[in-house]
């Protein structure tokens with residue numbers, strides 16, 4: 001397998017795991033907020049609540065309900081960039097442990 005193929009395979013694996021995490025975050029938040037995840041501005045603009053879990057925090061906070069903001073205070077949003085760093089660190093630790 002080439003370096004590029006290995007890189008893409010790792011990216012696909014990481015992305016698939018993140019997508020599962022993202023979905024779990026959304027479901028847990030929806031349950032905790034009783035579905036009240038958008039503020040009036042977000043509802044008026046027709047924002048999809050799922051999109052608040054991706055992208056810039058400033059956008060998420062601009063359209064999130066008070067309930068969702070409170071939920072995030074206890075259960076922070078995990079962006080793809082943060083997830084990817086954690087995923088890579090875990091993968092490297094497993095490789096080191098396996099080589100020992």
Given the options 57, 30, name the one that is surrounded by 14 or more Cβ atoms within 10 Å (Cβ to Cβ), on the phi < 0 side of the Ramachandran plot and without any contact (Cβ under 8 Å) to a residue 24 or more places away in the chain.
30
Taking region 27-70 and keeping only residues that are more than 26 Å from residue 15 (Cβ to Cβ) and part of a loop (DSSP other than H, G, I, E, B), one is left with 33, 34, 35, 36, 39, 46, 65
Restricting attention to region 40-48, does a residue exist that is at pLDDT below 95 and crowded, with 16+ Cβ neighbours inside 10 Å?
no
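The values are calculated or read from the model by the stated rules, or taken from the named source; none is laboratory data. Since the structure is predicted, the reported quantities are computational estimates derived from the model, not experimental observations. As a convention, Cβ positions derive from the backbone with ideal geometry for all residues, glycine included, and neighbour counts pool all protein chains shown.
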